[in-house]
Amino acid sequence: MSAGVPAVSRSGRSTRPTSVVGAVLLLVLVALPFLVYEDVTSSLVSLFVLIVIASMWNLLAGFGGLVSVGQQAFIGVGAYTVVALADAGVPPYLGVLMAAVTAAALALPTSFLAFRLRGDYFAVGTWVIAEVYRLVLVKIDSLGGPSGRSLTGMNDVDATMRAAFTYWLALGVAVVSVATCFWLLRGRIGLALTAVRDDEVAARASGVDVTRAKRVMYLVSAAGCGAAGGVLVVDALSVQPNAIFSVQWSASMIFIVVIGGIGYLEGPIVGAIVYFLLQQVLADAGSWYLVLLGCVAILVATRLPRGLWGTVHDRWGLSLFPVDYRVTRAPAAEPCPAVRT
Amino acid sequence: MDVVNALAQGLLLGGLYALFACGLSVVFGVMRIVNLAHGDLAIVAAFCAFVTLSATSLPLWLVAVVTVPVFSVVGYLTQRLLLQRSLQSGPLATLLVTFGLSVVIQNLLLELFSADTRTLDAGSFATSALEVGDVSLSYVGITGLVLAVGSIVAIQLFLSRTSSGRIMRATSDDPQTAALVGADARRVYGIASAIAFATVAMAGIVMAIRSSFDPSLGPAQLLFAFEAVVIGGLGSLWGTLLGGLALGVVQSLVAVADPSSSVLAGHLLFLLVLAFRPQGLVPARAS
């Protein structure tokens, strides 16, 4: 291999520090319940939930090209799964895992209906489906009907320990979600979806099973949202159908991803932190907060379509979770890695 | 008798849904986008009429007659100044912009008018009805149905008889070729938006006379309108009318048996159509 031949690589200068800094950051986050007061960790739970649902929405929209306004369906399903399983004696922390499984299982038949619609119609169709889930669930009296239910099986856990466990659970779900996105997108499915996003017709012509790849994304995304719903109910110890199935969740996901940078794994994390901080600062502003956020999202969508992280990425080539390939000048000694297909 | 009455009320309700839906149908037919703020715009129209009515002593019909053209101008400007820009950055951006718009409108209305429910006071018009046998058809309901049919006839005539309408159909079929022969897509899109805003303003005002309204009702109206369009068949305005009527009748009939299931029944009708007849009741002409 001679010097100067372009090489295709994924990891670069910026990714090696990422692994080190990321590992240290993760250790600190894991140890946090021993280091800070409970109010810090309990507010971080909501940040982790935001990161999870935004990452899942980004997976769908940023990589799968499926803009959903109905992922709250699976947040609600997840929350109610934990409540129902707790009644049957399943510990709520284990119930969160089952919430992800249930959400994915329900997402499979749902996908056959939703995938009949394309583009904007898919978006509104998923919203209708989320409403159907809500309206059916409020008919089940044992789950509390329209007024909701409280979670059983948590009374014997000490409050401090419960806060710590809930925090670790939320952190765990967030780490697993981001890692799953990373792993999925680096594999065959990620490549297929990137091809689909860029040009669906060309991808189909090259033999990509577009629908299958999208369905996998849809199921994974539902599982993540289901787990997030489970975390929410374990955190709040109760569930209220109108709140858990609120389209406000979709608004949060969309605003976070658009502001953070759609189509980058870093985008939802950056966006969630910005969203979370704004939420803390503007806590007293009431609805004005959402007015402001909506305006910011409209501005970003029209003026800065790649979001905050996309701007950083374009400017400095920085990538913490590299899922795309980049062409660089190869150093003489290293072999040129082949592009996997 | 209950069933006959429910059927009649369902047709009137369905007329209102069709009125909500025809603007959505036109915009999707021309631009291939769904305005997620469509339902919220109806609520804005209702509040505009409400404020004008309380601030002046004008009669309601005059307020409505003024609000509708104002809305169509607002629609044209919104398209040209806000949505056109996002159309160029791809389908995702438009969806995000209209969704952002929806959230902004809802929360602005909430801050300005609070979450209280209101009604547009239409005096005796709102309470009187046409008695046919045992069935009483409210004048407001009839107005909604007549406006829906009238709007669809007018839009069809516009599309088939006027030069702007022909340009709109050409742009819908093939924007590039239409542009080659001199069609200005931006103007066409602006007109489509103006039509959508005008019809949704009518729908909002009729709805506000029929029943009480508050800032949070927009999304539900969007979903009903969307369902009417899909049930009827994408790209067919008469299909949209039929879809709206089907949705209204199903909701109304189920409400006789169990009022709490009526909205769910409408959603299920939509899902059934999606599963077994995805082209809708009236498939669009082959292009």
Can you work out the accessible area per residue across segment B:1-99, with the rest of the protein chains kept in place, probe 1.4 Å, in square angstrom? 37 Å²
Amide H neighbours of residue A:238 under 5 Å, counting only residues 5+ apart in sequence or on other chains, H built in-plane at 1.01 Å? A:151
Counting only other residues whose beta carbon sits under 14 Å from that of residue A:66, what net charge do I get with K and R as +1, D and E as -1? +4
Ordering A:212, B:118 from largest to smallest accessible area (1.4 angstrom probe), what's the sequence? A:212, B:118
Using a 1.4 Å probe on the protein heavy atoms, what percent of the accessible area of the protein assembly as shown belongs to carbon and sulfur? 66 percent
Quick tally, 1.4 Å probe accessible area for B:72, B:212, sorted with the most first, runs B:212, B:72
Please state the shape class of segment B:138-287: rounded when a/c is under 1.5, otherwise prolate if a/b exceeds b/c and oblate if not, all from the C-alpha gyration tensor. prolate
If a/c stays under 1.5 just call it rounded; otherwise compare a/b with b/c (prolate if a/b is bigger, oblate if not). Do that for segment B:2-276, with a ≥ b ≥ c from the square roots of the Cα gyration tensor eigenvalues. prolate
As a test of the definition: with a 1.4 Å probe, what buried accessible area, both sides summed, do you compute for A against B, in Å² to the nearest 100? 3600 Å²
Once all protein chains are kept in place, residue A:288 shows an accessible area at probe 1.4 Å, nearest 10 Å², of 120 Å²
Average accessible surface area per residue within segment A:6-329, 1.4 Å rolling probe, Å²: 42 Å²
Please work out how much accessible surface residue A:165 shows to a 1.4 Å probe, ignoring ligands, DNA and RNA, in Å² rounded to 10. 90 Å²
Long-range amide H contacts for residue B:138: which residues qualify at under 5 Å (H placed 1.01 Å from N, peptide plane, sequence gap of 5 or more or a different chain)? B:130
Divide by every residue of chain A the summed helix terms, -39500 (n - 2.57) for each DSSP H run of at least 4, and state the resulting mean residue ellipticity at 222 nm, rounded to the nearest 500 deg cm²/dmol. -22500 deg cm²/dmol
Cα gyration tensor category, rounded, prolate or oblate, for segment A:17-107 with a/c compared to 1.5: oblate
Grab the other residues whose beta carbon is less than 13 angstrom from that of residue B:28, score K and R as +1, D and E as -1, and report the net. +1
Select from A:70, A:260, A:22 the residue whose mean-square fluctuation is largest in a Gaussian network model of chain A (Cα-Cα springs shorter than 10 Å). A:22
Which of A:161, A:56, A:253 ends up with the largest GNM mean-square fluctuation for chain A, with Cα atoms connected below 10 Å? A:161
Which residues, if any, in segment A:237-273 lose at least 10 square angstrom of accessible heavy-atom surface (probe 1.4 Å) when the other protein chains sit next to their chain rather than the chain being alone? A:247, A:251, A:254, A:255, A:258, A:262
For B:48, A:225, give me the order by solvent-accessible area with a 1.4 Å probe, most accessible first, ignoring ligands, DNA and RNA. B:48, A:225
Over chain A, with a Gaussian network built from C-alpha contacts below 10 Å, which listed residue (A:54, A:272, A:192) shows the highest mean-square fluctuation? A:192
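The values are calculated or read from the model by the stated rules, or taken from the named source; none is laboratory data. Note that the structure is a prediction, hence the values are computed from the model and not measured. Every residue, glycine among them, receives a Cβ derived from its backbone with ideal geometry; neighbour counts consider all protein chains shown. Note: areas computed on protein heavy atoms with side chains; ligands, DNA, RNA excluded. Shrake-Rupley method; radii C 1.70, N 1.55, O 1.52, S 1.80 Å.
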